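Taking it in order: structure first as structure tokens, then the write-up.
The values are calculated or read from the model by the stated rules, or taken from the named source; none is laboratory data. Owing to the predicted nature of the structure, the values given are computational and were not obtained by experimental measurement. Methodologically, a virtual Cβ is constructed for each residue, glycine included, from the backbone with ideal geometry; neighbour enumeration extends over all protein chains shown. Keep in mind that these areas ignore ligands, DNA and RNA; they rest on the heavy atoms of the full protein, side chains included. Shrake-Rupley method; radii C 1.70, N 1.55, O 1.52, S 1.80 Å.
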Amino acid sequence: MKYKVGQIFYLVGAESARVIPFRIIEEVTRTTLSGVEKSFIAELPDEERTNIDVSKLKGAVFGNVRDLRSHMVENATFAIDSMIKSAKEISSKI
């Protein structure tokens, strides 16, 4: 994913179903003997305005609400289909 300073992204947490918006506040470019490395710092919307390296965020990141919504609907549909399949299997045994 391409990040730009000032851009807003949406994180669907890996450990919870929460959607957390974050803003890119810094782009860090490091030139080393092995090449050029870029990293990005995100600002979270908590009271402390926590700054964290984007690579440490756990979950799926989306650049717009349309893609975020599509992902969430897909996951919900999969979960519902799984529950229905399980219910059918149980009912066929009864």
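Couple of notes before you dig in:
- Under the condition of being open to solvent by less than 80 Å² (accessible area, probe 1.4 Å), modelled with pLDDT under 95 and more than 26 Å from R66 (Cβ to Cβ), the residues counted in region 1-34 number 1.
- Listed by first and then second residue, the pairs linking a residue in region 55-72 that is on the phi < 0 side of the Ramachandran plot to a residue that is open to solvent by 70 Å² or more (accessible area, probe 1.4 Å) and of a type in the set (G, A, S), with Cβ atoms under 7 Å apart and 6 or more places separating them unless they lie on different chains, are K58/A14.
Rundown of residues vs (1) surrounded by 12 or more Cβ atoms within 10 Å (Cβ to Cβ); (2) closer than 30 Å to I8 by Cα; (3) aromatic (F, W, Y); (4) out of contact with any Gly (no Cβ under 9 Å at 6 or more places or on another chain), yes/no style:
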{"site": "V54", "(1), (2), (3), (4)": "yes, yes, no, yes"}
{"site": "N64", "(1), (2), (3), (4)": "no, yes, no, yes"}
{"site": "V73", "(1), (2), (3), (4)": "no, yes, no, yes"}
{"site": "A76", "(1), (2), (3), (4)": "no, yes, no, yes"}
{"site": "I84", "(1), (2), (3), (4)": "no, no, no, yes"}
{"site": "E89", "(1), (2), (3), (4)": "no, no, no, yes"}
{"site": "K93", "(1), (2), (3), (4)": "no, no, no, yes"}
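- Condition met for E43 (open to solvent by less than 50 Å² (accessible area, probe 1.4 Å), in contact with a Lys or Arg (Cβ under 9 Å, 6 or more places away or on another chain) and within 17 Å of V5 (Cβ to Cβ)): yes
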